[in-house]
1. Using a 10 angstrom cutoff on alpha carbons, build the Gaussian network for the chain and name the most mobile of Leu153, Leu127, Leu62.
2. In what sequence do Val142, Val114 fall when counting other Cβ within 10 Å, fewest first?
3. Let a ≥ b ≥ c be the square roots of the eigenvalues of the Cα gyration tensor of segment 108-176; is it rounded (a/c under 1.5), or, if not, prolate (a/b larger than b/c) or oblate?
4. Note the full-extension length gain between Ser158 and Leu57 as 0.36 nm times their separation in residues minus their Cα-Cα distance, in nm to one decimal.
5. Find how many whole Å separate the alpha carbon centroid of segment 118-152 from the alpha carbon centroid of segment 11-66.
6. Go ahead and estimate [θ] at 222 nm for the chain from helices alone: -39,500 (n - 2.57) per DSSP H run with n ≥ 4, summed, over the residue count, rounded to 500.
7. Assuming a ≥ b ≥ c are the square roots of the Cα gyration tensor eigenvalues, decide whether segment 146-192 counts as rounded (a/c under 1.5), prolate (otherwise, with a/b larger than b/c) or oblate.
8. Any idea what the dipole of the chain comes to, in debye rounded to 20, about its Cα centre with Lys/Arg Cβ at +1 and Asp/Glu Cβ at -1?
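All of the numbers you see were taken from the coordinates with simple rules; none came from a lab. Owing to the predicted nature of the structure, the values given are computational and were not obtained by experimental measurement. Cβ coordinates were reconstructed from backbone atoms using ideal geometry, including for glycine residues, and neighbour counts include every protein chain displayed.
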Amino acid sequence: MPEAAGEAAGRPRRVLVGVSGGIAAYKSATLVSRLVQAGCEVRCAMTASATRFLGPLTLRSLSGAAVATSLWDAYDEPSSPHVGLARWADAAVVAPCSANLLARLAAGFCDDPVALAVTALPAGRPLVLAPAMNADMWANPVVRRNLAALRDLLPDLSTVGPESGWQACRTGGAGRMAEPEAIRDAVLGRLA
């Protein structure tokens, strides 16, 4: 039977970092590095869109582990990759969590390694989402409904951010992904 978070005495805390598509994906490299520096064992999963913004090799180099980028990736896990990643993790974080991924998670779609791993995460394991999107998207009632639905469905879910500030679309407003250190602290706080 897999260990639950908090039962990890004698081994590093295991954190699955999911990365969805968006310019904020570049901050995920710093998040992975900060989690490793905090003594965590980190594995990563990326949506296809995320790989357009950040190379899997970067996350592999920082985490020291293979990065799931496809539903067809093979690992040393005896179970399918997404189930193996979810069972392995003491906690999961998705940073950035795009509006697209929020919608797919809220609707139950599992068509990429990140959504599959989040959906397979055992009950009782913390899930932290770090939303990141354009201010107009963040303000959209559909996006807010999707996040509210996830909060209702997943009692182990917490969010960090988004923050307000300058965005890649060259405007300001709410929707910026929280800084990697704030996300790291949120994850570590959930593992305490």
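1. Leu153
2. Val142, Val114
3. prolate
4. 33.5 nm
5. Each part reduced to its Cα centre gives a spacing of 19 Å.
6. Using -39500 (n - 2.57) per qualifying helix, the result is -11000 deg cm²/dmol.
7. oblate
8. It comes to approximately 300 debye.
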